[in-house]
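The block underneath contains the structure these notes are about, expressed in structure tokens.
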Amino acid sequence: MANVNSAVDMKTPQVDAKKVKKKRSQWYEVWRRLRKNKAAMVGLVIISILLFSAIFADFIAPEGYDDQDLTRRFASPSSENFMGTDHLGRDIFSRIIYGTRISLQVGFIAVGIAALTGGTLGAVAGYYGGKLDNIIMRLMDVLLAIPSILLAISIVAALGSSLVNVMIAVGISSTPTYARIVRASVLTIKDQEYVEAARAIGANDFRIIIKHILPNSMAPIIVQATLGVAGAILSAAGLSFIGLGIQPPNPEWGNMLSSGRHYIRDYWHIATFPGVAIMITIFGLNLLGDGLRDALDPRLKN
């Protein structure tokens with residue numbers, strides 16, 4: 001009897017090791033594949049630095065974003081003012097640091113609005129199908145027929161120029177993309193065995209969509225959201241550039257570009273540094289988005 005118990009005890013660690021290996025999180029595997037992508041890690045570092053700057057802007061920026069000193073107007077980049085000053089003597093570096101808050105806030109919240117609204121419509125359309133699917137998708141087709149920036153301009157023009165209205169406008173203009181992505185994912189998932197099993201034990205439609213379908217549709221949504229933040233930041237900058245977005249003196253990169261373009265022939269730094277900030281942010285988000293797309297692809301077994 002003692003020999004039997006000792007044999008069982010010797011086998012137990014092996015079984016536990018196998019269980020641990022099987023239970024290794026899917027997200028751990030995604031992170032492992034993402035770490036191997038050097039370009040994606042560069043993008044992650046860039047976005048991490050931007051997030052850090054946005055959170056701790058009050059400590060990083062040497063001056064307030066609207067501190068004016070007319071005696072140092074149009075100062076060139078120097079040790080005193082790292083990126084120079086603008087036409088009102090404001091430190092451009094400080095304004096760009098504070099502008100990171102606004103741009104990332106617009107990007108993430110606008111994408112959140114689009115993903116929540118579009119994801120809900122796409123999930124309902126894909127799960128129920130029929131006339132409801134036809135009505136929702138035709139509505140999305142109407143929105144897709146309008147260029148997103150023109151739709152955003154129309155919404156902001158109707159609601160007024162403000163940070164909240166810009167986020168709403170950019171979010172609504174991006175909604176059809178998420179609706180189509182989620183609908184396509186739901187159509188491939190809703191007939192899977194685990195969904196049929198949930199339906200067989202009496203789970204209602206809401207529980208099936210929330211607990212089973214949407215979690216398994218997250219991969220394409222995450223990739224699109226990462227790339228969508230870049231598009232949202234560009235759209236917000238474009239709206240501000242033409243005077244329909246966030247208004248001065250708020251240090252949004254688009255309105256900084258707009259005010260600096262008048263002096264670009266003589267004072268290149270006023271418009272150049274906000275443009276570089278937009279470029280680096282979009283570059284980092286695109287690198288991270290491409291890396292996530294590869295890491296979340298189940299066909300890649302790196």
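Values in this text are rule-based calculations from the coordinates and carry no lab data. Owing to the predicted nature of the structure, the values given are computational and were not obtained by experimental measurement. Note that we place each Cβ from the backbone using ideal geometry, even for glycine, and neighbour counts take in every protein chain shown.
Tabulated results
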| quantity | calculated |
| --- | --- |
| Sorted by Cβ neighbour density within 10 Å, fewest at the top, the residues Tyr267, Tyr194, Tyr28, Tyr128 | Tyr28, Tyr194, Tyr128, Tyr267 |
| The chain: relative contact order in percent, alpha carbon pairs under 8 Å with at least 6 residues between | 24 |
| Most mobile listed residue (Val142, Val223, Val42) in the chain, GNM with C-alpha springs under 10 Å | Val142 |
| q = 0.10 Å⁻¹, the chain: log10 I(q)/I(0) [Debye, one scatterer per Cα] | -0.69 |
| Karplus (6.51, -1.76, 1.60) ³J(HN,Hα), θ = phi - 60°, over the range 258-266, in Hz, Gly and Pro reported as x | 4, 6, x, 5, 5, 10, 5, 5, 9 |
| Gyration tensor (Cα) of the range 73-160, equivalent ellipsoid semi-axes in angstrom | 44, 15, 9 |
| Among Val276, Thr71, Ile201 - extreme Cα towards positive end, dipole of the chain, charges at beta-carbon | Ile201 |
| Size of electric dipole in the chain: Cβ of Lys, Arg +1 and of Asp, Glu -1, about Cα centre, debye, nearest 20 | 1400 |
| Exposed-site-free run, longest, the chain (rule: trypsin sites (Lys or Arg not before Pro); DSSP loop; at most 12 other C-beta within 10 Å) | 25-264 |
| Given charges at Cβ of Lys, Arg, Asp, Glu: the chain dipole, positive-most of Ile221, Gly89, Ala236 | Ile221 |
| ³J(HN,Hα) computed for each position of the range 150-164 - Karplus, 6.51 cos²θ - 1.76 cosθ + 1.60, integer Hz, glycine/proline x | 5, 5, 5, 4, 5, 5, 5, 4, 7, 8, x, 7, 6, 4, 5 |
| Projected-area mean, the range 149-224, by convex hull of Cα positions, square nanometres | 6.3 |
| Estimated inter-spin distance, Val42 and Tyr128, nm [label 7 Å along Cα→Cβ] | 4.7 |
| HN-Hα J in Hz across the range 125-131 - Karplus 6.51, -1.76, 1.60, θ = phi - 60°, x for Gly and Pro | 5, x, 6, 8, x, x, 5 |
| For the range 135-191: rounded, prolate or oblate by the Cα gyration tensor [a/c cutoff 1.5] | prolate |
| The range 200-302 shape via C-alpha gyration tensor axes, a/c threshold 1.5 | oblate |
| Spin-label model distance (nm) - Lys211 vs Leu150, 7 Å beyond Cα toward Cβ | 4.6 |
| Cα gyration tensor shape for the range 110-152, rounded if a/c is under 1.5, else prolate or oblate | oblate |
